[in-house]
Every structure is written in structure tokens, then in C-alpha cells.
1. Test Y124 against the stated conditions and say whether it is assigned to a helix (DSSP H, G or I), within 14 Å of the ligand (Cβ to nearest atom) and hydroxyl-bearing (S, T, Y).
2. Within the bounds of region 65-76, is there any residue that is over 26 Å from V143 (Cα atoms) and in a loop (DSSP other than H, G, I, E, B)?
3. I'm trying to understand the selection: among the residues of region 102-119, which are within 16 Å of the ligand (Cβ to nearest atom), part of a helix (DSSP H, G or I), of a type outside the set (G, A, S) and surrounded by fewer than 18 Cβ atoms within 10 Å (Cβ to Cβ)?
4. Only one of these is modelled with pLDDT of 95 or more, over 14 Å from the mean Cα position of the chain (by Cα), away from the ligand (no atom under 14 Å from the Cβ) and of a type in the set (D, E): E55, E140, E92. Name it.
5. Of the residues G85, G71, G99, which is surrounded by 12 or more Cβ atoms within 10 Å (Cβ to Cβ), free of Cβ contacts under 8 Å to residues at least 40 places away in the same chain and within 24 Å of H17 (Cβ to Cβ)?
6. Among the residues of region 1-54, which ones are in contact with a Phe, Trp or Tyr (Cβ under 6 Å, 6 or more places away or on another chain) and not in a loop (DSSP other than H, G, I, E, B)?
Amino acid sequence: MAIPSNKDILWLKVLTHDDSEFARNLRNANNEYFHNSEEISIEQHNNWLNKTLKENPPTFHIIMLESNKIGTISITNHDDIATIGNVIIDKEYRGCGLGKRAMYIVMGLAISRGAKKIRLSVEYTNGNAQAFYVNLGFIERAVIMEKQCL
Ligand SMILES: CC(C)(COP(=O)(O)OP(=O)(O)OC[C@H]1O[C@@H](n2cnc3c(N)ncnc32)[C@H](O)[C@@H]1OP(=O)(O)O)[C@@H](O)C(=O)NCCC(=O)NCCS
């Protein structure tokens, strides 16, 4: 991979059927960073895909660097609160400022759709992502508590 430069165009492409394998593979390669850390089967993925493709406005986006798919990010707006999710940059593209650029684009999209506040959740164990979000101005507002029963 050539080292990405600031001149390379980073843009968000609305998810289509053609992105199905990319999105599933990227998510499964990064399961450890998400609350549901189990492998996503093709059947589960197809159910999710069919539902997500019908959303209007679209929520799920592929992060593109020029013509390369390098990550995923989603944005959902409810009233004046937006929620960002599925933030993943492919391993070989991390640490070059691309995640930050994608976050700025999606935050702009959220604001253009009426958001006054933007939320996201991050695993307690994912210190890297927490530092990434703090760097973008997010602050901790809640702690989710969980008890293992079985
Ligand atoms: C978290 C993730 C999206 C960050 O993307 P990235 O492209 O590597 O991050 P960037 O290079 O854009 O970093 C942007 C800024 O955050 C800071 N940052 C990123 N990771 C950091 C870390 N581990 N510790 C401290 N700061 C960090 C960078 O230093 C940079 O700061 P600067 O703008 O002041 O130079 C990426 O590492 C990733 O996909 N991780 C695996 C999946 C994941 O954890 N997703 C989040 C689920 S909630």
C-alpha cells in the first residue's frame, strides 16, 4: 500500500449489495472491538444487509480512499441526537489520520440532518478507540453495567 497523503480524496459511499463481502469481512476481522464479538454468519449478515439497504436516509457507509474501500462507518439520527457506529479503518490504513477524516465527514452529515448532539459507544477495553474519540472532542457520559448470569 502506498502511504496515503492528505491530497488523496476520502469520501463516504452509501452501502450497496456490492459492498456486502467487504463489510462482513472487515467486521469479522475486528469483532474483538465490538460488544457482540461473535463471528457474523452469512445468514445473519444477509438479514442485516437487507434491512440496512432499505433505510432512508441511508445509515451505513463504506469509507473510500480514492477508489479503495478502507473502512466502514454508520450514522443514525433520532430527533436532534445522532449516533455514530461501526467505525472501522482497515488495519493497514490506520494511524494516517483517515479515521479522523471519516469522523469529520460523518459528523458533518449528522449535523446536516439536524443533530445537535452526537453519541457513540465504545468498549471499556478499547483504550485505542477511546483515545481516538477523546481526541475528536467526545467525553464520557455513561457507563453500561453488565452481569454475567450463566
Ligand atoms: C479507532 C480507529 C477507527 C482510528 O482510526 P485511525 O485512522 O487509525 O485514526 P487516525 O489516524 O485518524 O487518528 C486520529 C487522531 O486520533 C489519535 N489516536 C488514534 N489512535 C490513538 C491511540 N491509540 N491513542 C492515542 N491517540 C490516538 C491520533 O493520534 C490522531 O491524533 P492527531 O489528529 O492529533 O494526530 C482505528 O484504529 C480502528 O479501526 N480500530 C479498530 C476498530 C475499532 O476499535 N473501532 C472503534 C469501535 S468503537
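1. Considered against the rule, which asks whether it is assigned to a helix (DSSP H, G or I), within 14 Å of the ligand (Cβ to nearest atom) and hydroxyl-bearing (S, T, Y), Y124 comes out as no.
2. Checked against the condition, which is being over 26 Å from V143 (Cα atoms) and in a loop (DSSP other than H, G, I, E, B), region 65-76 yields at least one hit.
3. Y104, I105, M107
4. Only one candidate qualifies: E55.
5. Exactly one residue qualifies, and that residue is G85.
6. The answer is T52, and nothing else.
Yes/no per residue for (1) surrounded by fewer than 16 Cβ atoms within 10 Å (Cβ to Cβ); (2) in contact (Cβ under 8 Å) with a residue 60 or more places away in the chain:
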{"position": "W11", "(1), (2)": "yes, yes"}
{"position": "T16", "(1), (2)": "yes, no"}
{"position": "H35", "(1), (2)": "yes, yes"}
{"position": "L49", "(1), (2)": "no, no"}
{"position": "P57", "(1), (2)": "yes, no"}
{"position": "H61", "(1), (2)": "no, no"}
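The values are calculated or read from the model by the stated rules, or taken from the named source; none is laboratory data. For clarity, every value in this text was computed on a predicted model and none was experimentally measured. Because the Cβ atoms are built from the backbone with ideal geometry, glycine has one as well, and the counts that use them run over all protein chains shown.
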